[in-house]
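See structure below.
Please treat every number below as a calculation from the coordinates, not as lab data. The structure displayed is predicted, hence computed values, not measured ones. Please note: Cβ atoms are built from the backbone with ideal geometry, for glycine as well, and neighbour counts cover all protein chains shown.
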Amino acid sequence: MNISLQDESPCRKQLEIELDAAEVGVYYEEVLREYLRAARIPGFRKGKAPRALVEKRYLKDLHKDTVDKLVPDAFQKACKQ
């Protein structure tokens, strides 16, 4: 994780957080596991749909939920540093 803090004005700061692909992948896999457990796809029992099919069907939601989970955690870690 790379963090940079820039002064924009006396009252404003800009925080940039750069994450490794591996860190983002961990969050993505966690969100995907939740979707795999709860996915209801016709022709498959609940939670038994193939991974590729779940990823294809819920790709936008997976990305959104990954970002929603990742940003607060990354911000907290950056503030601690």
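Details
- Here the spin labels are modelled as points 7 Å beyond Cα on the Cα-Cβ line, and at residue 20 and residue 61 they lie 3.1 nm apart.
- Between 0 and 90°, nearest 10: helix 59-80 axis offset from the chain longest Cα axis: 30
- Equivalent ellipsoid semi-axes, the chain, via Cα gyration tensor eigenvalues times 5, rooted, Å: 36, 11, 9
- Theoretical gain in end-to-end length, residue 80 to residue 34 [0.36 nm per residue, Cα-Cα removed]: 13.7 nm
- Distance (nanometres) between label positions extended 7 Å along Cα→Cβ at residue 44 and residue 1: 3.2
- The chain: calculated mean residue ellipticity at 222 nm from DSSP helix runs of at least 4, using -39500 (n - 2.57): -19000 deg cm²/dmol
- If the chain linking residue 13 and residue 51 were pulled fully straight, counting 0.36 nm for each residue of separation and taking away their Cα-Cα distance, it would gain 9.6 nm.
- Relative to the longest principal axis of the Cα atoms of the chain, the long axis of helix 21-38 lies at roughly 40 degrees.
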